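The values are calculated or read from the model by the stated rules, or taken from the named source; none is laboratory data. None of the values given here were measured: they were computed from a predicted structure. Note that we place each Cβ from the backbone using ideal geometry, even for glycine, and neighbour counts take in every protein chain shown.
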Amino acid sequence: MKKTVKTEFMSKAKVEVFSYHNDSIMDSSNRYTADIIAYNDAHDLAILKLESPTPIKYTAPLLPEKEIKNLRLFMDICVSGCSMAHEPFCNYGQLTFLTEDIENKKYFMCNAGSYFGNSGGALFLQETGELIGVPSRLTGQQLGFGVDMVLFMGFSAHTSRLYEFLREQHLEFLYNPDKTYAQALLDREESEKKSLIELQVQAEKDLQRK
């Protein structure tokens, strides 16, 4: 009896980081190779680890989980990315729906024009610069043989899903200073061993039923 075994291959990714003069004029960009250390197809999210000799100077903090309940309609947000291979730029708007459920997943809706997929950007609170979501869907309307994209109805993965993903992958150190990357690796290894044992036990039960 033949059995299909799925094998995962996580290739290297390329990440470009831009530097600015006087916070206004791009003076350089550096491209880094990155390892994909975690991903989830259902969430359409991934975590990359840059192969960089020096720390990245500027990073956006993730909105604290306890602050999610304080998000309100019409809060000012911005979506920053590199749409159509342009250097980074921002689109500004507001949160227009806080808990959109699509295919049993929670999203924010905002009216800042942004194409998901080719922008490489994220959703930020304008006042604090905190990361609150990752753009992933747009509304489309069928017109003849084509689809008209409604750019002011964009959807981003909800902050709660970002925390869910990080916990599933044992990467709490990215938002919890009491955790470490070394401990994350140990926790993930232990979780993988536990899952393997559970699979083996289930396989033995299936054989016994036959």
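Among the strands (runs of 3 or more DSSP E) confined wholly to the range 24-109, which include 3 or more residues that are under 17 Å from Tyr163 (Cα atoms) and under 15 Å from the mean Cα position of the chain (by Cα)?
25-40, 45-50
What residue, of Lys57, Lys12, is among the basic types (Lys, Arg), in contact with a strand residue (DSSP E or B) (Cβ under 6 Å, 6 or more places away or on another chain) and at pLDDT below 90?
It is Lys12.
Looking only at the range 181-197, decide whether some residue is assigned to a helix (DSSP H, G or I), in contact with a helix residue (DSSP H, G or I) (Cβ under 6 Å, 6 or more places away or on another chain) and not aliphatic (A, V, I, L, M).
yes
Just need a number here: residues in the range 65-101 that are modelled with pLDDT of 90 or more, within 17 Å of Arg137 (Cα to Cα) and exposed (fewer than 14 other Cβ atoms within 10 Å of the Cβ).
Summing the residues that are modelled with pLDDT of 90 or more, within 17 Å of Arg137 (Cα to Cα) and exposed (fewer than 14 other Cβ atoms within 10 Å of the Cβ) in the range 65-101 gives 2.
Just need a number here: residues in the range 15-32 that are surrounded by 11 or more Cβ atoms within 10 Å (Cβ to Cβ) and at pLDDT below 85.
0
Report whether or not Val134 is closer than 25 Å to Val15 by Cβ, aliphatic (A, V, I, L, M), in contact with a helix residue (DSSP H, G or I) (Cβ under 9 Å, 6 or more places away or on another chain) and not in a loop (DSSP other than H, G, I, E, B).
yes
Filter the range 155-176 down to the residues that are touching a helix residue (DSSP H, G or I) at 6+ places or on another chain (Cβ under 8 Å) and among the aromatic types (Phe, Trp, Tyr), then identify the one that is nearest to Gln94 (Cα to Cα).
Checked the range 155-176; the qualifying residue nearest to Gln94 (Cα to Cα) is Tyr163.
Checking Leu186 against (1) at pLDDT 90 or above; (2) of a type in the set (A, V, I, L, M); (3) surrounded by 13 or more Cβ atoms within 10 Å (Cβ to Cβ), only one condition comes out false. Which one?
So the condition that Leu186 fails would be (3).
Looking for something assigned to a strand (DSSP E or B) and at pLDDT below 95 - is there at least one such residue anywhere in the range 157-174?
Checked against the condition, which is being assigned to a strand (DSSP E or B) and at pLDDT below 95, the range 157-174 yields at least one hit.
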